[in-house]
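*Asks:* Below are the structure tokens for one structure; questions will follow.
The values are calculated or read from the model by the stated rules, or taken from the named source; none is laboratory data. Here the structure is a predicted model, which means the values were calculated and not measured. Reconstructed Cβ throughout: ideal geometry from the backbone, glycine too, with neighbour counts over all protein chains shown.
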Amino acid sequence: MVLANNRSQSRMVSYDVRRSKVDVYRYARTLSYLVQHVPFNPDTFALPTEDELANRARKGIGLFKADASALCAYAKMLVYRVLLDGEPLSEGLVDRMVREYFPAAIVEAAEGAVKSHLLRREIATTMVVNRIVDNAGATFFPELMTSTSRPAHAIAEAYMTASAAGDVDALRRDLYASEDKNRQEAIYRAMHVVEAALEETTVVLLEGDAYTTVDQRTIDRARELLDHVEHALPASQIPQLHARAHEFESAGFAPAVAGRLARIEHLTGALASLRVAAETGRDPLDVLRLRLQVAADMHLRALQDALARMVYQSPWDGPAAKALSRQLHGHLGRLVQAVDGDDVGGMIGRLGLDSIRRQGAAMIEGGVTIPGIVLFDDHLRRQLLTVDLRK
């Protein structure tokens, strides 16, 4: 376990260094947050100032490994302390983490002692912190605690729920088993895909504490939906899924792993479809198919993808892009419930959305910007306020 933890932390540091070259401002916000809430003196570790990080961003340079290591350490210290001082993690998650900590033979031979271990809460908290930070990076908790105003325990529970629904632990085992010097860059790209999907799903599950309603049956059904997502995709999007899987295969991953990496991007949609299916009595795969069709016809997913690929020019472009993506997700949910049967075109016409759809298409053609999405979001929101969404 010690060697595995060392490798996991080393991977996380390298992942954060790589990701910081794309969005160094995210790490500047995390550094400021940790300095304030741990607290600690960044000069002790010669950590860069915000001005220095801005200069690095202009040069395409991010964190150095020493910088990322310090952020990781302090992020873990802060989250561990907050989780122990605040509301306890759920008993189900604590029990699972403690069981994973001990060898299976010990759990089987001394299950009662494991269940009553005096440090079981501390063990479980350490496991959760390591599991999340070693994969999502040092910025995950500071970013989400700031952007969602939710406590650390809720964020941890929602992330672990999202991870279970996507069967991400199994995916990571297969992914990391293929690590070597020739595939390491591809590993980091795959990590980015997985963690982007988990962060998006975590935020959605935090809304109304939706993560508390996700039971094992829902988790199993979410995994089944992900396995069959190709059957729900509009015909025009199936080649994109295949191309995505082929990209990962070309990087050296097994076809099964490549396919799961391509499908994990639909994790949020799978869980949202299950919720709507439970409310309406419709088949979850039909709801997912409808959701994907609405997202395609209104260009919502394409706009979200463009926001995710955007190169940020200021410290707050990133949070603005995330907030706008969440707004688009909310609009998509309302539009799906407004469709009569499978008549997406009829819904668009009935709600008077043709001009807004053309606006989205024009943005994708001419270049997506945050101000442009703000206007698109405002127009769509105002239009939805003026019509009756009921079928």
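*Asks:* Considering only segment 274-330, state which residues are more than 21 Å from the chain's Cα centre (by Cα), buried (at least 17 other Cβ atoms within 10 Å of the Cβ) and part of a helix (DSSP H, G or I). Steps first, please.
*Replies:* Step one: list which residues in segment 274-330 are more than 21 Å from the chain's Cα centre (by Cα), which gives 277-287, 289-290, 293-294, 297-298, 313-314.
Subset that is buried (at least 17 other Cβ atoms within 10 Å of the Cβ): 277, 284-285, 287, 289-290, 293-294, 297-298.
Those that are more than 21 Å from the chain's Cα centre (by Cα), buried (at least 17 other Cβ atoms within 10 Å of the Cβ) and part of a helix (DSSP H, G or I): ALA277, PRO284, LEU285, VAL287, ARG289, LEU290, GLN293, VAL294, ASP297.
*Asks:* Report every pair of residues separated by at least 6 positions or lying on different chains whose Cβ atoms are under 6 Å apart, first residue within segment 43-70 and closer than 17 Å to TYR15 by Cβ and in contact (Cβ under 8 Å) with a residue 24 or more places away in the chain, second of a type in the set (Phe, Trp, Tyr) and part of a helix (DSSP H, G or I).
*Replies:* Short answer, once both residue conditions are applied: LEU63/TYR27; ALA70/PHE45.
*Asks:* Follow-up. If I ask for residues that are on the phi > 0 side of the Ramachandran plot and surrounded by 21 or more Cβ atoms within 10 Å (Cβ to Cβ), which ones from segment 114-161 would you list?
*Replies:* Taking segment 114-161 first, the residues on the phi > 0 side of the Ramachandran plot are 137, 149.
Selection gives GLY137 alone.
*Asks:* Among MET160, MET145, which is the only one that is touching a Pro at 6+ places or on another chain (Cβ under 9 Å), modelled with pLDDT of 95 or more and under 26 Å from GLY330 (Cα atoms)? Please lay out each step first, then the result.
*Replies:* On the way: MET160 fails: touching a Pro at 6+ places or on another chain (Cβ under 9 Å).
Every option except MET145 fails the conditions.
*Asks:* What number of residues within segment 358-370 satisfy the criterion of being more than 23 Å from ALA320 (Cβ to Cβ) and touching a residue at least 12 places away in the same chain (Cβ under 8 Å)?
*Replies:* Keep residues of segment 358-370 that are more than 23 Å from ALA320 (Cβ to Cβ), which gives 358.
Those left that are additionally touching a residue at least 12 places away in the same chain (Cβ under 8 Å): none.
Residues meeting the conditions: 0.
*Asks:* Looking at (1) in contact (Cβ under 8 Å) with a residue 24 or more places away in the chain; (2) not in a helix (DSSP H, G or I), can you tell me which one ALA270 breaks?
*Replies:* Here ALA270 clears every test but (2).
*Asks:* What helices (runs of 4 or more DSSP H) lie completely within segment 123-209 and have 3 or more residues being of a type in the set (Val, Ile, Thr)?
*Replies:* Values: elements: 140-148, 152-165, 168-177, 184-206.
Here the list reads 184-206.
*Asks:* Only one of (1) of a type outside the set (Lys, Arg); (2) over 24 Å from the mean Cα position of the chain (by Cα); (3) modelled with pLDDT of 95 or more fails for MET77. Which number is that?
*Replies:* Failed condition: (2).
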